[in-house]
1. Output the residues belonging to the stretch 170-212 that are closer than 24 Å to Arg145 by Cα and of a type in the set (Asp, Glu).
2. What about Thr78, is it of a type outside the set (Asp, Glu), at pLDDT 95 or above, closer than 30 Å to Asp256 by Cα and part of a helix (DSSP H, G or I)?
3. Quick one: what pairs do we get from the stretch 258-272, first residue among the aliphatic types (A, V, I, L, M), second surrounded by fewer than 18 Cβ atoms within 10 Å (Cβ to Cβ), C-beta under 6 Å, 6+ apart or different chains?
4. From the list Ala65, Ala28, Ala35, Ala44, which one is in a helix (DSSP H, G or I), under 30 Å from Glu112 (Cα atoms) and not charged (D, E, K, R)?
5. Within the stretch 238-250, how many residues turn out to be surrounded by 24 or more Cβ atoms within 10 Å (Cβ to Cβ) and under 20 Å from Ala38 (Cα atoms)?
6. Kindly provide the set of residues from the stretch 223-239 that are part of a helix (DSSP H, G or I) and either touching a helix residue (DSSP H, G or I) at 6+ places or on another chain (Cβ under 6 Å) or among the basic types (Lys, Arg) (or both), ordered by number.
7. Please work out which residue is nearest to the chain's Cα centre (by Cα), limiting yourself to the stretch 296-311 and to residues that are closer than 17 Å to Leu236 by Cβ and crowded, with 16+ Cβ neighbours inside 10 Å.
8. List every residue pair whose Cβ atoms lie under 6 Å apart, where the two residues are 6 or more positions apart in sequence or sit on different chains, the first residue falls within the stretch 386-407 and is assigned to a loop (DSSP other than H, G, I, E, B), and the second residue, located anywhere, is small (Gly, Ala, Ser) and surrounded by fewer than 18 Cβ atoms within 10 Å (Cβ to Cβ).
Amino acid sequence: MPRLVTLPRLAPALALAAALLAAAPGEASVERARAAQARGDLRAAQIEYRNAVRASPDDPALRAALAQASLDLGDGDTAEKEARAALERGYDRAAGTALLLRAYLTLRKFEEILRDFPMQEGQVPNAVAGQVAAGRALAYAALNRREDAARAAADAVRLAPDLVEPHLAAATIAAIGGDRAAAEAAVDRALALAPDHPEALLRKGSFQFERGELPQAAETFAKVLSREPGNLVARLRRGETLMRMNNDAEARREVDTVLRLAPNTPLGVYLSAMLHARARQWREADEALQRIQAQVPNIPDGLLLLATVKREVGQLEQAEDAARRHVARRPEDPRGAKLLAALEMQRGAPDAAAGTLDRLAQRGAADAEAYDMLGRAHALTGRRQEALEAFTRAAERAPDNAGVLARLAVARLAAGDAAGAQEAAQAAHARDPNPVSY
């Protein structure tokens, strides 16, 4: 008897459940895609959006979502295909055009943009024409056609001043032209239109970072992540900013998150190596750098870090080679010259070290430490006058450094200046009465 009562009551529920299951595979995929995006798993998000599109192939919004997810992943081919499909199915023309142009730019199809997206001012809505002009501006810039790029960017802002993309294109063109103030002003206009726009926030954070406004930059990059947890660029920039703030623990969490999501990201591996080096975990730093050895020379301080790590693990020839390559690329950087000189001294070549530091001094880039090292190199080769001159320069730049003053005293004594030696020795003693070693 209970079974006869229960079955009729269950029938409507079972029918409803069956209907929901039949109707909602696409919706379930969208929810899973959004959940994947929230945890930063871009690959899973793209897969789930693909599933949603298979379930509802004529839904333009799903096509656009798949295009956007593919762009986030760097998959320009899928993004182009899906953006085009979204437009064909009636997706907002301006937004769809912006997606399609981004796909072209991701694929570096710059000439194709100029061919496939002619200016049609007056023939299409201004919002669409503005997006086209913005895309053309970026294509011109990539092709080093700066005047054309500037004109196209101005057209984009004139035609669609209420859209973000024209202002970001204008910011790019201004930055390429070296006008950082105009570039940031354009980014600010974009943020006034869309305060949470990820790309605009990324650029604003970068300007803040460059000015040394580190807490503000970290906060700006965090805003990007609150909206796009899978934005690896924002996570890396925030990690780099936190490192500059000496917050290595939080920086490590950001970098580890990136490497969990994208293990072979060169900049992520590099920042991991830097964090290991800062913790004096030299073997781990060396292992990380070996993973990206082909990319290291393309990272601004990559060769400098490589030289430092190789020195610490005892691979001195590789260390000197990396330091020499860094100095060749950035001869005005005192860090590279001092490291190279130290390595040359370590292998017993003070003449070579003196030459390295002399060249730095001739460029006007030597600091107190570099002059101090130069004085030591000259002293080891018996060049007393040159050593005295170098120690004098070092003392001028570091008048409170007891070690430098003590070495200046020795150099003056070696040069026959007893009174000068006594004066420098007294100054050294006044600053450090109990020196361990100079």
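1. Listed by number, the residues that qualify are Asp179, Glu184, Glu199.
2. Here the answer is yes, as Thr78 does meet what is asked.
3. Val269/Arg291
4. The unique qualifying residue is Ala65.
5. Qualifying residue count, the stretch 238-250: 2.
6. Within the stretch 223-239, Lys223, Val224, Leu225, Arg227, Leu232, Ala234, Arg235, Leu236, Arg237, Arg238, Gly239 meet the criteria.
7. At the first step, the residues of the stretch 296-311 found to be closer than 17 Å to Leu236 by Cβ are 296, 298-302, 305.
After this cut, where a residue has to be crowded, with 16+ Cβ neighbours inside 10 Å as well, the list is 296, 299, 301-302, 305.
Numbers: Val296: 14, Ile299: 9, Asp301: 12, Gly302: 13, Leu305: 16 Å.
If we take residues in the stretch 296-311 being closer than 17 Å to Leu236 by Cβ and crowded, with 16+ Cβ neighbours inside 10 Å, then Ile299 is nearest to the chain's Cα centre (by Cα).
8. From the stretch 386-407, the pairs are Ala398/Ala368.
The values are calculated or read from the model by the stated rules, or taken from the named source; none is laboratory data. What you see is a predicted model, and the numbers here were worked out from it, not measured in a lab. Reconstructed Cβ throughout: ideal geometry from the backbone, glycine too, with neighbour counts over all protein chains shown.
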